[in-house]
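Trainee: For reference, the structure I am asking about is given below.
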Amino acid sequence: MELRQLRYFIEVARREHVSDAAAHLHVAQSAISRQIANLEAELGVDLFEREGRNVKLTPIGKLFLTHTETALKAIDYAKQQIDEYLNPERGTIKIGFPTSLASHLLPTVISGFKDKYPNVAFQLRQGSYKFLIDAVKSRDIDLAFLGPVPTNDDDIEGHILFTENISALIPASHPLADRKSIRLNDLRNDAFVLFPEGFILHKIVIDACKQAGFTPNISSEGEDLDAIKGLVSAGMGVTLLPESTFYERTPRFTVKIPIEIPQVNRTVGIIIPQKRDLAPSEKVFYRYVKEFFSVLEQYQ
């Protein structure tokens, strides 16, 4: 069994088409077909069912794909570690982040890090709360910024960088727009604009409203911050958002108001895998991030 055979197998499995896999890998279709046939002969099973020009994994093929992907990730990671031990300041770090931290936190941290370590490269991946946690566990990304920081997952180690308040964002025409602060219960009769169910900021708002004694009336949903803010600007409802999402400015035709009761906040931090050592460049970045926010906290 050769690594080349396994990589060919994975590419065909993902594309369900030998010709497409061959084009992507820049090899002859006959070479891929031959190597997969050799792999099937060695294993003594059929990994694919042929359906005209397309192929589909057999049940045993699906099982083999899962283990093969895990094995190749481990091999690629081992090679990465060797390369980085030779030069820890020339690695590539795969970082995940949610949309709520994309506009200020991420560019600020990476820009500062690149000034000190210009030869370290980054691959950035935006995703939902659950996706980022699962991606760190599966090695699809090396570490991730996240808020709130998970505290009850044995496979994840979380480090809190700071805690931020969550404020109300309401249309400028709203009767409460001139208030210095509000009680969340003051918005009980308003329509709410939220992220869809499954997004962590959706859950935070629902839980906060329940703590205030009501269930919010959700009139509209948006899957990114610009959509949420735009809907509030258009007068479609109110929402709750973390302070970090207002760093540049409050959107036009809206007002940001602190929530007095209950206190609504979230932790923001960085997560790494609990059961895997970080590569050298990842350790350098992880240490830099913790020191960056530690110094920042001293000046606040």
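The values are calculated or read from the model by the stated rules, or taken from the named source; none is laboratory data. Computed from a prediction, not measured in an experiment: that's the story for all the values here. All Cβ positions, glycine included, derive from the backbone under ideal geometry; neighbour counts span all protein chains shown. Surface areas here come from the heavy atoms of the whole protein model, side chains and all, with no ligands, DNA or RNA. Shrake-Rupley method; radii C 1.70, N 1.55, O 1.52, S 1.80 Å.
Trainee: Roughly how many Å² is the accessible area per residue of segment 92-166, as a whole number, for a 1.4 Å probe?
Mentor: For segment 92-166, the solvent-accessible area averages 45 Å² per residue.
Trainee: Regarding segment 202-270, what are the three Cα extents along the principal axes, ordered largest first, in Å?
Mentor: 31, 29, 23
Trainee: Within the set of other residues whose C-beta is less than 10 Å from the C-beta of I200, count the net charge using Lys and Arg as +1 and Asp and Glu as -1.
Mentor: +3
Trainee: Follow-up. Taking 51 Å as R0, compute the FRET efficiency from the Cβ-Cβ separation of I60 and R252 and round it to 0.05.
Mentor: Working from the Cβ atoms, E equals 0.30.
Trainee: Go ahead and estimate [θ] at 222 nm for the chain from helices alone: -39,500 (n - 2.57) per DSSP H run with n ≥ 4, summed, over the residue count, rounded to 500.
Mentor: Estimated from H runs of four or more residues: -13500 deg cm²/dmol.
Trainee: Follow-up question, since we're still on this one. What is the angle, in °, between the Cα long axis of helix 280-298 and the longest principal axis of the Cα atoms in the chain? Nearest 10 is fine, range 0 to 90.
Mentor: Compared with the principal axis, the helix lies near 10 degrees.
Trainee: Grab the Cα-Cα distance for N165 and N217, subtract it from 0.36 nm times how many residues apart they are, and report the gain in nm with one decimal.
Mentor: Full extension of this stretch gives 16.5 nm more.
Trainee: Rounded to the nearest whole Å³, what is the per residue volume of the convex hull around the Cα atoms of segment 40-156?
Mentor: It comes to 180 Å³ per residue, whole-number rounded.
Trainee: Follow-up question, since we're still on this one. So what is the diffusion coefficient of segment 2-75 in µm² per second by Stokes-Einstein at 25 °C and 0.890 mPa s, using a Kirkwood Rh over Cα pairs?
Mentor: D, rounded to a whole number, is 202 µm²/s.
Trainee: On a 1.4 Å probe surface of the protein chains, which of K275, K180 comes out largest in accessible area, and what is the full order?
Mentor: Of K275, K180, the descending order of accessible area is K180, K275.
Trainee: Compute the helix-to-body angle for 3-15: its Cα long axis versus the longest principal axis of the chain, expressed 0 to 90° and rounded to tens.
Mentor: Rounded to the nearest ten degrees, it is 50.
Trainee: Related question: Provide the packing ranking of 279-291, 113-125, i.e. peptides ordered by the mean count of other C-beta atoms within 10 Å per residue, highest first.
Mentor: 279-291, 113-125
Trainee: Now for a different question. What do you get for chymotrypsin sites (Phe, Trp or Tyr not before Pro) in segment 129-221 restricted to DSSP loop and a cutoff of at most 12 other Cβ within 10 Å of the site's Cβ?
Mentor: none
Trainee: To make sure I understand the rule: partners must be lysines, Cα under 17 Å from the Cα of K116, and not fewer than 8 residues away in the same chain. Which ones qualify?
Mentor: Correct list for K116: K283, K290.
Trainee: Take segment 122-205, drop everything but the C-alpha atoms, weight them equally and run the Debye formula without solvent; then report log10 I(q)/I(0) at 0.18 Å⁻¹ to two decimals.
Mentor: -0.90
Trainee: Could you tell me the ratio Rg/Rh of segment 167-300? Both radii from Cα atoms, Rh via Kirkwood.
Mentor: Expressed as Rg/Rh, it is 1.06.
Trainee: Which of the GluC sites (Glu not before Pro) across segment 1-83 are loop residues per DSSP, with 13 or fewer other Cβ within 10 Å?
Mentor: The qualifying sites are E2.
Trainee: For A23, what is the net charge nearby, where nearby means another residue's Cβ is under 11 Å from its Cβ and Lys, Arg count +1, Asp, Glu -1?
Mentor: Charge balance near A23 sits at -1.
Trainee: May I ask you to give the percent of accessible area on segment 2-93 that is carbon plus sulfur, with a probe radius of 1.4 Å?
Mentor: After summing per-atom areas, the C and S share lands at 53 percent.
Trainee: State, in angstrom, two size descriptors of the chain derived from its alpha carbons: Rg to one decimal place and Dmax to the nearest whole number.
Mentor: Gyration radius and largest Cα-Cα distance of the chain: 24.2, 75 Å.
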